[in-house]
1. Quick test for you: out of A:Glu28, A:Glu78, A:Glu56, A:Glu101, pick the one residue that is over 15 Å from the mean Cα position of the chain (by Cα) and either within 24 Å of B:Ile86 (Cα to Cα) or assigned to a strand (DSSP E or B) (or both).
2. Pairs, please: C-beta under 9 Å, at least 6 apart or cross-chain, first residue away from every other protein chain (no Cβ under 14 Å) and touching a residue at least 40 places away in the same chain (Cβ under 8 Å) and in the stretch A:1-30, second assigned to a loop (DSSP other than H, G, I, E, B) and aromatic (Phe, Trp, Tyr)?
3. Cβ-Cβ under 8 Å, sequence separation 6+ or interchain: first residue in the stretch B:67-81 and farther than 18 Å from B:Lys36 by Cα, partner among the hydrophobic types (A, V, I, L, M, F, W, C) and part of a strand (DSSP E or B). Which pairs?
4. Quick check on A:Tyr48: is it in contact (Cβ under 8 Å) with a residue 24 or more places away in the chain, within 14 Å of chain B (Cβ to nearest Cβ) and either among the small types (Gly, Ala, Ser) or surrounded by 16 or more Cβ atoms within 10 Å (Cβ to Cβ) (or both)?
5. Of these, A:Gln37, A:Gln41, A:Gln54, which one is under 26 Å from B:Glu38 (Cα atoms) and at pLDDT 90 or above?
6. Is it the case, given these coordinates, that B:Phe103 is at the interface with chain A (Cβ under 10 Å from one of its Cβ atoms), assigned to a loop (DSSP other than H, G, I, E, B), of a type in the set (Phe, Trp, Tyr) and touching a residue at least 40 places away in the same chain (Cβ under 8 Å)?
7. Output yes when any residue across the stretch B:58-70 is farther than 18 Å from A:Phe45 by Cβ and either touching a helix residue (DSSP H, G or I) at 6+ places or on another chain (Cβ under 8 Å) or within 11 Å of chain A (Cβ to nearest Cβ) (or both), and no when none is.
8. Just the residues that are at pLDDT 90 or above, assigned to a loop (DSSP other than H, G, I, E, B) and aliphatic (A, V, I, L, M), please, taken from the stretch B:54-96.
Amino acid sequence: DTGVSQDPRHKITKRGQNVTFRCDPISEHNRLYWYRQTLGQGPEFLTYFQNEAQLEKSRLLSDRFSAERPKGSFSTLEIQRTEQGDSAMYLCASSLPGKAEAFFGQGTRLTVV
Amino acid sequence: GEDVEQSLFLSVREGDSSVINCTYTDSSSTYLYWYKQEPGAGLQLLTYIFSNMDMKQDQRLTVLLNKKDKHLSLRIADTQTGDSAIYFCLPKVPDTGRRALTFGSGTRLQVQP
């Protein structure tokens, strides 16, 4: 499978715990995006990398959220001290520069109880 | 989300045509994309049109663009139950290197058998 891969697909955690999600983009894509989607809404932009550089962060990305892409390949999104409001689908997408279409993974569904 | 407006819901009967409409605000959009999201899944790029085109046909899909009115539509001929999904219109502005993809709330298409 050469598409965007996200792990895990589902995560249930207790409030206050830390969680980390992983995204493996399509191998030649140097742009990587994280989005969050809640029920009935479109995806909301969180952050975006070009290679290992984090070029843009949304105001939605509070201090409890951090994303990395250390070698310009896979990326991780960590949420510290999770809150119930963090429950959502977290989507990762990748693209090539100059190619505006982004390819999305299947997402990680987070449930905070 | 404020850059794109779509109707939230559309219901059609199997075999009928569906027309999903989208208005956008940024006249510098160079590509205009349609993404499809099936329940519990990530987003799938369905089709796109360049801003210098008026129409694009791709099998059962027809995309119409009225650049003057900043209006985009997606017509699905012979709609099938498998077309039931949320459809997102996504205008893409020229690549500044710092603009992320911004989605609206999408149109939920329900196909009645």
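The values are calculated or read from the model by the stated rules, or taken from the named source; none is laboratory data. Everything quoted here is computed from the prediction, not taken from an experiment. Note that we place each Cβ from the backbone using ideal geometry, even for glycine, and neighbour counts take in every protein chain shown.
1. Checking each option against the conditions leaves just A:Glu101.
2. Sorted first by the residue in the stretch A:1-30, then by its partner, the pairs are A:Arg22/A:Phe74.
3. So the pair list comes out as B:His71/B:Cys22; B:His71/B:Leu65.
4. Details: in contact (Cβ under 8 Å) with a residue 24 or more places away in the chain: no; within 14 Å of chain B (Cβ to nearest Cβ): yes; either among the small types (Gly, Ala, Ser) or surrounded by 16 or more Cβ atoms within 10 Å (Cβ to Cβ) (or both): yes.
For A:Tyr48, the condition - in contact (Cβ under 8 Å) with a residue 24 or more places away in the chain, within 14 Å of chain B (Cβ to nearest Cβ) and either among the small types (Gly, Ala, Ser) or surrounded by 16 or more Cβ atoms within 10 Å (Cβ to Cβ) (or both) - is not met.
5. On inspection, the qualifying residue turns out to be A:Gln37.
6. Working: at the interface with chain A (Cβ under 10 Å from one of its Cβ atoms): yes; assigned to a loop (DSSP other than H, G, I, E, B): yes; of a type in the set (Phe, Trp, Tyr): yes; touching a residue at least 40 places away in the same chain (Cβ under 8 Å): yes.
Spelling it out, B:Phe103 is indeed at the interface with chain A (Cβ under 10 Å from one of its Cβ atoms), assigned to a loop (DSSP other than H, G, I, E, B), of a type in the set (Phe, Trp, Tyr) and touching a residue at least 40 places away in the same chain (Cβ under 8 Å).
7. Applying the first criterion (farther than 18 Å from A:Phe45 by Cβ) to the stretch B:58-70 yields B:58-70.
Going one step further and asking which of them are either touching a helix residue (DSSP H, G or I) at 6+ places or on another chain (Cβ under 8 Å) or within 11 Å of chain A (Cβ to nearest Cβ) (or both), we end up with none.
No: zero hits.
8. The first filter runs over the stretch B:54-96 and keeps only residues at pLDDT 90 or above, leaving B:54-89.
Imposing the further condition that a residue be assigned to a loop (DSSP other than H, G, I, E, B) reduces the set to B:54, B:59-60, B:67-70, B:77-80, B:84.
Residue satisfying the conditions is B:Ala77 alone.
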